[in-house]
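First comes the structure, then the notes that go with it.
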Amino acid sequence: MKSTLSRNTKLVLGGELFHVRCCAHILNLLVQHDPTQIKDIIENVRESVKYVNHSDSRLKTFCDIVKQMGIKQRKLVIDCPTRWNSTYEMLNIASRFKDFFREYKERDRHYNCLSSTEEWEKVDKVCHLLKVLSYDTNIISGSDYPTTNLYLPKVYMVKVVIDKAAEDSFDFMRGMTRFMKDKFDKYWGECNLLMAIANVLDPRCKLEMVSLCFPFIYKSEFDAKVNIEKVRQALEDIYNDYLQESSSNIDVRTRVEGSSSSTPSTEVSHNFESGFAQLMSMNMQGNLLIQLSHN
């Protein structure tokens, strides 16, 4: 498809932006392997939720405990094991009721899925990590608003959270994030130009956002500088391509208009370019004079 389109039209940056990885899909890949590190704990929580929701009498007993402790009632949710964000939602809600599960154990002697204090601590750690990934995935997957300019800050935040978790005191967290870091470096080791360019075109960010985020995203300072320069060069190339295309269109219009005018086309084109340059120069000089007067 790329070669076919290239025959009929010029692709931006020579087609370098033609194939782009899906950010939401990459975030999913980062998480898919992680919950297996605490598979038994997740399964224990899942069975606890299933047990309470299995019958109305059990659910009523659980709700009575919640009311007695003065907490607003909220229903436990069961996850879809193949969807990590639903597993996160189940763990996040269940962790808020961990004290109630202990009380429930006192009233129901058949309940034997109670997680230990250490296991709930691990659940809290995992939820803290998955919360950021879940939030970023929802933002990036939005369809009712432009999202491309939001990718870079979200990817940066994911990297910061992963790096922080990699230094956690829990061995299982360091084990989880080791896989995530490898995946992250694999998919974002090569500069995602479209993601960076879209962020630069956001007037709130410009190139400063790239300069701030890339040192965190890439392993070494050298890689960060190389990729920042790559984005800068890509922007210049895109600008020059559009400038050349615009100039070609002006020349075509000038030749058509020149056939019924005594003004040579080259003179019109020269006047257009020099007039615009003069206006820009005057504008820059005016801004400079204002700054000097303020100083």
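Among the aspartates and glutamates, select those whose C-alpha is under 12 Å from the C-alpha of residue 219, and discard any that sit fewer than 8 residues away in the same chain.
Straight-line reach from residue 219, under 12 Å: 163, 182, 185, 190.
How many percent of the accessible area of region 21-114 is carbon or sulfur, using a 1.4 Å probe?
Ligands and nucleic acids excluded, carbon and sulfur give 47 percent.
If I take R0 = 30 Å and measure r between the Cβ atoms of residue 21 and residue 222 in this structure, what FRET efficiency does the formula 1/(1 + (r/R0)^6) give, to the nearest 0.05?
Efficiency computed from Cβ-Cβ geometry: 0.80.
What shape does region 82-124 take by its C-alpha gyration tensor, where a ≥ b ≥ c are the square roots of the eigenvalues and a/c under 1.5 counts as rounded, a/b above b/c as prolate, and the rest as oblate?
Prolate, because a/c is 1.5 or more and a/b exceeds b/c.
Below 14 Å, Cα to Cα, which aspartates and glutamates can residue 39 reach? Residues fewer than 8 away in the same chain don't count.
In chain and number order, the partners are 47, 79, 119.
I want to verify the translational diffusion coefficient of region 201-246 in µm²/s; compute it with Stokes-Einstein, Rh as the Kirkwood radius over Cα pairs, at 20 °C and 1.002 mPa s.
Diffusion coefficient, whole number: 185 µm²/s.
Which aspartates and glutamates, if any, have their Cα less than 18 Å from the Cα of residue 67, not counting same-chain residues under 8 positions apart?
Correct list for residue 67: 56, 99, 103, 106, 108.
Work out the charge dipole of region 30-162 with +1 on the Cβ of Lys and Arg and -1 on the Cβ of Asp and Glu about the Cα centre, then indicate which of 54, 123, 86 is farthest towards its positive end.
54
Give the peptides 4-10, 102-108, 236-242 in descending order of average Cβ contacts within 10 Å, highest first.
Averaged packing, sorted descending, gives the order 102-108, 236-242, 4-10.
Quick one: putting +1 on the C-beta of Lys and Arg, -1 on the C-beta of Asp and Glu, what dipole do you get for region 102-243 around its Cα centre, in Debye to the nearest 20?
Value, rounded to 20: 260 debye.
Label residue 157 and residue 3 with points 7 Å out from Cα along Cα→Cβ: what is the distance between them in nm?
4.3
Hey, can you find the accessible area per residue of region 34-106 for me, probe 1.4 Å, expressed in square angstrom?
57
P(r) tail for region 80-172, what percent of Cα pairs lie past 18 Å?
59
Give me the 1.4 Å probe accessible area per residue for region 163-246, excluding ligands and nucleic acids, in Å².
Using a 1.4 Å probe on heavy atoms only, each residue of region 163-246 averages 59 Å².
The values are calculated or read from the model by the stated rules, or taken from the named source; none is laboratory data. No experiment lies behind these values; they were computed from the predicted model shown. No Cβ is skipped: glycine too gets one built from the backbone with ideal geometry, and neighbour counts run over all protein chains shown. Accessible surface is based on the protein model in full, side chains and every heavy atom, while ligands, DNA and RNA are left aside. Shrake-Rupley method; radii C 1.70, N 1.55, O 1.52, S 1.80 Å.
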